[in-house]
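Undergrad: Dropping a structure here in structure tokens format, bear with me for questions.
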Amino acid sequence: MQLADKVARIQQRALERPKSKVEHAQPTAAMPFFQIPFWPEETRGVPNAVLRSALFSATTRGSRRYISREQLHAQGDMRILYSGPGLGQGDLDVWETVLHLARSNAQSYEIRTTSYQLLKLQSKSDAGTNRRTLHNCIVRLKASAVEVTHGNYSYMGSLIDEAFRDESTGRYVIRLNPKLCDLFVQGAFTRIDWDVRRSLSGKPLAQWLHGYFSSHAKPYPVSIATLLRLAGSNDQSASSGEQNLRRALDALAQASNEHAHPFSYSIQKMTVQVVRQPTKTQRKHLGKRPPRPPKSPH
């Protein structure tokens with residue numbers, strides 16, 4: 001038998017041989033596994049890229065505008081491109097609530113809930129006006145298109161992938177993009193104290209500042225102009241912007257201290273310095289940091 005004939009017979013036998021169990025274990029077309037990290041009931045988990053940017057701005061509802069692939073102000077190496085209706089702190093309340101439900105769901109890409117539950121988790125009554133506001137927030141989150149890059153991680157998609165509502169029962173089915181979990185890797189998100197945030201309801205700049213400073217284990221000095229820019233403030237007056245920031249910081253300090261989260265601030269030469277108590281997780285993070293080299297006397 002010629003060598004070529006032998007090779008052909010061996011190849012034919014290989015094709016006819018039954019496949020092994022390993023070869024049968026092909027990946028299915030099912031939805032990829034997606035699990036948001038778990039956090040306690042009294043907190044809300046939010047990616048730092050959201051808390052340190054103008055994605056959910058501190059502007060009032062009357063100033064909402066439609067944005068077309070615009071690069072938003074963000075801190076450090078974070079980059080956010082956004083298209084869709086302008087989002088505010090009320091929208092962030094709803095998104096935080098959806099994520100809060102997802103973190104306790106074994107299949108957290110899909111949440112089945114009701115208007116009543118979503119409003120109750122925000123400490124709001126199940127009234128007609130609140131239901132309409134909630135629904136409008138979900139529609140805006142669905143209409144969003146974000147491109148977020150934070151270090152080695154990125155996400156491109158909507159903040160809510162799909163949403164369905166039974167008008168007769170008020171029940172929702174809300175689906176999230178599984179790739180959102182890339183924004184929840186260790187060190188890339190913060191557990192926000194919900195009691196403090198809730199007590200700042202109706203004060204969007206104070207809420208934004210709460211999220212921003214909570215995302216830093218040890219806040220460093222930052223200028224008033226930078227804070228207002230990151231918050232998406234549309235205040236055209238420097239003096240008015242400073243006054244609004246001071247009022248928001250006063251409200252944040254009062255709410256934080258009332259809930260046993262020591263917070264104080266000072267402003268010198270248009271720069272804000274904050275002193276706050278880091279969370280347990282942040283204290284561990286600070287403990288892992290290498291000591292800074294001593295400053296040169298020159």
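Please treat every number below as a calculation from the coordinates, not as lab data. Since this is a predicted model, take the numbers as computed values, not measurements. Because the Cβ atoms are built from the backbone with ideal geometry, glycine has one as well, and the counts that use them run over all protein chains shown.
Undergrad: So, in nm, how far is label Leu81 from label Lys269 when the simple model puts each one 7 Å beyond its Cα toward the Cβ?
TA: 3.8
Undergrad: Separate question: Per residue of the range 120-134, in order, report the coupling 6.51 cos²θ - 1.76 cosθ + 1.60 (Karplus, θ = phi - 60°) as ³J(HN,Hα) in whole Hz, putting x for Gly and Pro.
TA: Those phi angles translate into 4, 5, 9, 6, 10, 6, 7, 9, x, 4, 5, 5, 5, 4, 4 Hz.
Undergrad: Next question, about the same structure. How big is the antiparallel share of DSSP beta bridges in the range 43-279, given as a percent to the nearest 5?
TA: Numbers: 39 of 41 bridges.
That works out to approximately 95 percent antiparallel.
Undergrad: With only alpha-carbon atoms counted, please give the Rg and Dmax of the range 43-279, in Å.
TA: 17.3, 57
Undergrad: With 10 angstrom as the radius, rank Lys269, Lys120, Lys179 by how many other C-beta atoms surround their C-beta, starting from the fewest.
TA: Values: Lys269 7, Lys120 13, Lys179 16.
Fewest-to-most ranking of Lys269, Lys120, Lys179: Lys269, Lys120, Lys179.
Undergrad: For a quick check: with amide H placed at 1.01 Å from N, whose amide H comes under 5 Å from His73's, ignoring anything fewer than 5 positions away on the same chain?
TA: Ala54
Undergrad: How many nm is it between the label spots at Asn105 and Gln254, if each spot is 7 Å from the Cα in line with the beta carbon?
TA: The answer from the label model is 3.7 nm.
Undergrad: Next up: How high is the FRET efficiency from Asp166 to Arg65, r the C-beta distance, R0 35 Å, rounded to 0.05? Walk me through the numbers on the way to the answer.
TA: On the way: r = 32 Å, r/R0 = 0.91.
Once rounded, the FRET efficiency stands at 0.65.
Undergrad: For the range 193-204, take each phi angle, set θ = phi - 60°, evaluate the Karplus expression 6.51 cos²θ - 1.76 cosθ + 1.60, and give the result in whole Hz per residue in order, putting x for glycine and proline.
TA: 5, 6, 4, 5, 4, 4, 6, 9, 4, x, 10, x
Undergrad: Subtracting the Cα-Cα distance from 0.36 nm times the residue separation, let me have the gained length for Ser240 to Thr149 in nm, one decimal.
TA: 29.5 nm
Undergrad: Related question: Based on the mean of other beta carbon atoms within 10 Å per residue, what is the order of 49-56, 242-249, 271-278, most packed first? Working shown, then result.
TA: Numbers: 49-56: 24.4, 242-249: 17.8, 271-278: 15.8.
Highest to lowest by the protection proxy: 49-56, 242-249, 271-278.
Undergrad: Right, something else. For the range 169-209 and the range 35-60, what is the separation of their Cα centres, given in Å?
TA: Rounded to whole Å, the Cα centres lie 4 Å apart.
Undergrad: In whole Hz and in residue order, list the ³J(HN,Hα) couplings for the range 173-188 that follow from phi through the Karplus curve 6.51 cos²θ - 1.76 cosθ + 1.60, θ = phi - 60°; x for Gly and Pro.
TA: Coupling constants for the range 173-188: 10, 10, 10, 10, 6, x, 6, 4, 4, 5, 8, 10, 5, 4, x, 9 Hz.
Undergrad: Taking only the C-alpha atoms, wrap a convex hull around the range 90-209 and report its volume per residue in Å³ as a whole number.
TA: Details: hull volume 13.9 nm³, N = 120.
Hull volume over Cα atoms, normalised by residue count, gives 116 Å³.
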